[in-house]
1. Can you list residues whose amide H is under 5 Å from residue 155's amide H, if they're 5+ apart or on another chain and H is modeled 1.01 Å from N?
2. Extension gain residue 177-residue 130, at 0.36 nm per residue separation less the Cα-Cα distance, in nm?
3. Full-extension gain between residue 162 and residue 68, please, as 0.36 nm times their residue separation minus the C-alpha to C-alpha distance.
4. Per-residue counts of other Cβ atoms within 10 Å, averaged by peptide: what ranking do you get for 161-173, 74-86, 91-103, 38-50, highest first?
5. Go ahead and run the numbers for FRET between residue 57 and residue 186, Cβ-Cβ distance against an R0 of 35 Å, rounding to 0.05.
6. State, in angstrom, two size descriptors of the chain derived from its alpha carbons: Rg to one decimal place and Dmax to the nearest whole number.
7. Determine the gain in length on full extension of the stretch residue 7-residue 194; use 0.36 nm per residue of separation and subtract their C-alpha separation, reporting nm with one decimal.
8. Below 8 Å, C-alpha to C-alpha, sequence gap of six or more: please give me the relative contact order for the chain in percent.
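Derivation of every value follows stated rules applied to the coordinates shown; laboratory data play no part. On a predicted model such as this, the values are computed, not experimentally measured, just so you know. As a convention, Cβ positions derive from the backbone with ideal geometry for all residues, glycine included, and neighbour counts pool all protein chains shown.
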Amino acid sequence: MAYDGKNRREMADRTRRKIYDSAVQLFAANDYKDVSVDSIVKLAEVAKGSFYVHFASKDALVTEIIRDQVEIVDSDYKGFIDGFSEGTSAEEMMLALIGRITDVLVDVIGCERMKVVYGAQISKDVGAEVVSDYNREIYDLFGNILGRGVESGEFSSEIPAEVLTRHFMMAIRGITYEWCIRYPDFDYKEEALRHFEILLAGIRK
C-alpha cells in the first residue's frame with residue numbers, strides 16, 4: 001500500500017509538472033488573456049479536472065510561475081555578485097550586475113515573456129506584484145552595492161542608499177520596458193550600461 005501511495009504521489013507530481021511546464025511554454029509565446037486552461041491541459045495532455053486538482057485557477061498558476069522565475073533570477077544575480085572580490089569598486093560591481101541582468105533577460109527570459117510580465121503587472125490580472133516587490137532580493141543587491149559605494153566614499157552620501165536603490169531599480173525597469181516596446185531595434189545591454197554609467201556619474205564623488 002505504501003508503494004502504491006508513493007506511485008500515486010509520483011504520478012501526481014509528474015502531472016503537476018506537465019501542466020506547469022506547458023503553461024510556461026504557452027505564456028512565453030502568447031498574451032496572458034490568449035492562454036486558456038483548455039489550451040494548457042491540451043498541450044500537457046492531461047484531463048482538465050487534473051488542472052484544478054493542482055491549481056485553484058489560471059491566475060494562481062501564473063502567479064506561481066512568476067514567483068518562481070523571480071526567485072531563480074534573483075538567486076543567479078546574488079551568486080554572480082558574491083563572486084566578486086572585496087577590492088572590487090562599487091561602480092564596477094553595479095555595471096557588472098546590470099550586464100548580468102540584461103544577459104539573463106535576453107538569453108533566458110526573452111523579450112516576449114517580459115512583455116507578458118509587464119502586461120500582467122499593468123492589468124493586475126494576476127499576482128505579478130512579486131516582480132516589483134520592495135522585498136525582492138535584487139533590491140538588497142542594489143542597496144548593498146550602493147551602500148558600499150557610499151561608505152567607501154566612492155559615491156556621494158547626500159542621497160540615502162535606500163532612496164538611490166529605488167531609483168536605480170526604477171531605471172532598470174524603465175530601460176527594460178524601453179527594450180520591450182522598441183524590440184528588436186534596441187540594443188538592450190548597450191543602452192542599459194550606458195544609462196547606468198550616466199546615473200553613476202551623477203552620484204560619483
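1. Amide H neighbours of residue 155: 150, 205.
2. 15.2 nm
3. Answer, rounded to one decimal: 31.3 nm.
4. 91-103, 161-173, 38-50, 74-86
5. That gives a FRET efficiency of 0.50.
6. Values for the chain (Cα only, Rg and Dmax): 20.3, 70 Å.
7. Answer, rounded to one decimal: 61.9 nm.
8. Reported relative contact order: 22 percent.
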